[in-house]
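All remarks here apply to the structure that follows.
What follows is calculated from the coordinates using simple rules that are stated; it is not laboratory data. These numbers come from a predicted model, not from an experiment. Every residue, glycine as well, gets a Cβ built from its backbone with ideal geometry; the counts of neighbours run over all protein chains shown.
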Amino acid sequence: MPVRKLSVALEESVADAAKQAAKRRGMSLSAWLNEASVSALETEVRLQDGLAGVAEWEAEHGPISAEELAKADAVLDAAGIGRKREPRRAA
């Protein structure tokens, strides 16, 4: 699998904990960080892409109504993937 070398900055306590976790697993820090972060990063990218899509839609069509959000929540809940979220605050 192709890799790209990057330079990142971590809080010192996080970097130390990551080094220790990698050592316990017998892995390089790079391999441990890659394994630990790939899933989280992929999820975050999908989330940010989705939020950008909603923002684009709302810019063209106006804000999604509370009724539409409730319907979407019901569909997600019925599918077992809904989650409770805090009510939207008025801007």
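To the nearest ten degrees, helix 29-61 and the longest principal axis of the Cα atoms of the chain are 20 degrees apart. Listed by chain and number, the aspartates and glutamates placed with their C-alpha closer than 19 angstrom to that of Lys23 are Glu11, Glu12, Glu35; residues fewer than eight positions away on the same chain are left out. Against the main long axis of the alpha-carbon atoms of the chain, helix 12-25 sits at an angle near 70°. By the Cα gyration tensor, region 14-78 has an equivalent ellipsoid whose semi-axes, rounded to whole angstrom, run 40, 14, 9 from largest to smallest.
When the chain is treated as a Gaussian network with alpha carbon springs shorter than 10 Å, the biggest mean-square fluctuation among Gly62, Gly80, Gly50 belongs to Gly80. Cα axis of helix 66-78 to longest principal axis of the chain: angle in degrees, 0 to 90, nearest 10? Around 60 degrees separate the two axes.
When Lys71, Lys5 are sorted by how many other C-beta atoms sit within 10 angstrom of their C-beta, beginning with the fewest, the order is Lys5, Lys71. Only Cα pairs within less than 10 Å get springs; with that Gaussian network setup on the chain, which residue of Ala78, Ala36, Ala55 has the largest fluctuation? In this elastic network of the chain, the residue with the biggest mean-square fluctuation among Ala78, Ala36, Ala55 is Ala78.
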